[in-house]
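The values are calculated or read from the model by the stated rules, or taken from the named source; none is laboratory data. Being a predicted model, the structure only gives us computed values, none of them experimental. Cβ coordinates were reconstructed from backbone atoms using ideal geometry, including for glycine residues, and neighbour counts include every protein chain displayed. Note: accessible area is taken over every heavy atom of the protein model, side chains too, but ligands, DNA and RNA are not part of it. Shrake-Rupley method; radii C 1.70, N 1.55, O 1.52, S 1.80 Å.
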Amino acid sequence: MKNNLTAACVAFLDQAARTVRKHPKRITAALATVLLTGGGGAFAVASLGPDPAELPVSTVQESVESLAGEITLASLMDSMPGYSLYRSDVTRNADTAEAILQRLGVADPAASAFLRGNDLVRQNLLGRAGRSLTLEATDDHRLQRLVARWALDDSPNFQRLVVERGADDSFSARIESAPLTVSSRLASGVIRSSLFAATDAAAIPDTVAVQLAEIFSSNIDFRRALRKDDRFSVVYETLEADGEPLRSGRVLSAEFLNNGKSHSAVWFQDKAAAKGAYYTLDGQSMRRAYLTSPVAYTRISSGFAMRMHPIQKTWRAHLGTDMAAPSGTPVRTVGDGVVDYAGVQNGYGNVVYVKHQNQHVTVYAHLSRIDVRKGQAVDQGDTIGAVGATGWATGPHLHFEFRVNGEHQDPMSIARQSDAAQPISAASRKSFDALAGNMRVLLSSAALVQQASAE
């Protein structure tokens with residue numbers, strides 16, 4: 001009995017030794033488990049059976065009946081309904097037919113050839129920047145329909161260029177016209193560095209920023225008086241075509257908090273007035289006898305002061321204001337009056353003189369073109385020419401002068417000191433107050449949204 005037990009032990013130990021030599025990693029892992037779990041009284045024993053990886057493997061194959069019956073996979077793909085891809089973009093100056101289609105994910109040589117060769121497309125789409133595009137393509141990236149939309153300045157309608165693929169796989173193009181839809185938007189912003197930087201941050205169009213500067217120009221010097229953390233809110237029109245915004249319209253109401261002082265404005269057409277104007281929310285007219293600038297909001301390159309003349313190289317008084325602007329920028333008269341001179345004059349180059357009331361005369365020099373004639377009556381804001389570099393000019397800019405009884409005066413000071421127009425008439429007071437009340441609510445809402453987003 002003892003010998004049999006000894007022989008069994010020897011056989012077991014021999015088997016264990018062979019197992020250790022054959023599976024060293026498994027035995028090591030088992031011992032590590034024992035050591036790690038021994039403090040908790042739990043043990044893990046490594047299996048000394050055969051390694052599953054060495055067991056024989058057999059493959060069993062069985063055919064499964066297709067749920068589609070006799071229909072092949074190719075037939076299933078052909079029977080699936082097609083789908084359309086829709087994309088939108090805006091045209092660019094250098095756009096070709098290929099560039100537009102590639103940007104919109106279309107690979108269609110036939111469509112590209114049609115766009116290149118069609119007169120309507122060449123005249124109204126290719127190389128025309130800023131036009132709204134919407135495109136429909138098939139699931140294999142062929143063009144189905146391309147629509148371009150745009151609106152001319154001050155037009156109540158927009159133009160629609162439609163390119164379509166017909167049932168016979170040929171293309172056609174046509175021009176349509178439809179009325180613009182007017183809606184309003186609220187926005188607000190905070191000045192961190194400049195007006196345009198603030199409006200950009202608030203996704204407000206530049207045309208609206210220019211209007212803000214124009215509306216409050218008699219109260220705020222946007223070149224020198226802006227302060228960090230000044231705030232503004234604005235309600236403005238947006239003009240849409242088929243639900244797509246094309247351009248912004250008029251500012252309907254605005255509020256500007258500058259250096260702790262609040263300025264407000266609302267657009268209103270008084271029954272007693274021929275056209276609309278801006279008023280404060282309590283009904284005072286914001287229209288002055290003179291605009292502060294004969295060009296839309298721009299930077300002043302040389303003010304009314306002593307300076308070194310850029311051509312004559314002498315230190316002398318600069319009896320006017322130079323306004324840097326690209327050549328061709330429209331120049332407007334700052335007040336109502338009559339053209340006293342329009343032509344070429346010495347260092348002024350192309351120049352226009354406008355005579356106003358009270359022996360006031362304004363001068364617009366270095367123009368690239370003149371759009372008025374002597375003796376013509378002009379209203380405040382009418383275009384009289386365009387910025388240029390004629391005469392003694394080192395680059396495109398407008399030289400602007402304001403003369404009172406023949407004496408040169410600072411045009412900015414004159415504009416800000418000029419009298420305002422008449423306030424809201426008694427007959428229009430009720431309708432104005434109702435409009436002003438609505439605009440107060442909208443401006444407050446815009447300001448609250450901005451404050452909430454900042455927090």
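Annotations for the structure displayed:
- The residue pairs whose first member lies in segment 425-439 and is touching a residue at least 60 places away in the same chain (Cβ under 8 Å) and over 11 Å from residue 268 (Cα atoms), whose second member is open to solvent by less than 50 Å² (accessible area, probe 1.4 Å) and of a type in the set (A, V, I, L, M, F, W, C), and whose beta carbons are closer than 8 Å, counting only pairs six or more residues apart or on different chains, are 439/235; 439/252; 439/266; 439/281.
- Summed over segment 174-202, the residues that are of a type in the set (S, T, N, Q) and either touching a Lys or Arg at 6+ places or on another chain (Cβ under 6 Å) or under 22 Å from residue 259 (Cβ atoms) (or both) give a count of 4.
- Some residue of segment 147-159 being part of a strand (DSSP E or B), in contact (Cβ under 8 Å) with a residue 60 or more places away in the chain and of a type in the set (S, T, N, Q): no
- Residue 374 under 19 Å from residue 320 (Cα atoms), surrounded by fewer than 18 Cβ atoms within 10 Å (Cβ to Cβ) and modelled with pLDDT of 90 or more: no
- Hits in segment 185-195 (condition: under 15 Å from residue 228 (Cβ atoms) and open to solvent by less than 60 Å² (accessible area, probe 1.4 Å)): 189, 190, 191, 194, 195
- Qualifying residue in segment 393-401 (condition: loosely packed, with under 15 Cβ neighbours inside 10 Å and assigned to a loop (DSSP other than H, G, I, E, B)): yes
- Scanning segment 240-262 for residues that are part of a strand (DSSP E or B) and either open to solvent by 20 Å² or more (accessible area, probe 1.4 Å) or basic (Lys, Arg) (or both) yields a total of 12.
- Top-ranked residue in segment 106-158 [being of a type in the set (Asp, Glu) and in contact with a strand residue (DSSP E or B) (Cβ under 8 Å, 6 or more places away or on another chain); ranked as surrounded by the fewest Cβ atoms within 10 Å (Cβ to Cβ)]: 139
- Failed criterion for residue 387 (all others in (1) open to solvent by less than 20 Å² (accessible area, probe 1.4 Å); (2) over 14 Å from residue 322 (Cβ atoms) hold): (2)
- Condition met for residue 168 (farther than 30 Å from residue 114 by Cβ, of a type outside the set (A, V, I, L, M), open to solvent by 40 Å² or more (accessible area, probe 1.4 Å) and modelled with pLDDT under 95): no
- Evaluation of residue 181 against the conditions (1) surrounded by 21 or more Cβ atoms within 10 Å (Cβ to Cβ); (2) at pLDDT below 95; (3) among the β-branched types (Val, Ile, Thr); (4) over 15 Å from the mean Cα position of the chain (by Cα) shows that the sole unmet condition is (1).
- When every residue of segment 221-238 is checked against the conditions, none turns out to be open to solvent by 40 Å² or more (accessible area, probe 1.4 Å), within 20 Å of residue 440 (Cα to Cα) and assigned to a loop (DSSP other than H, G, I, E, B).
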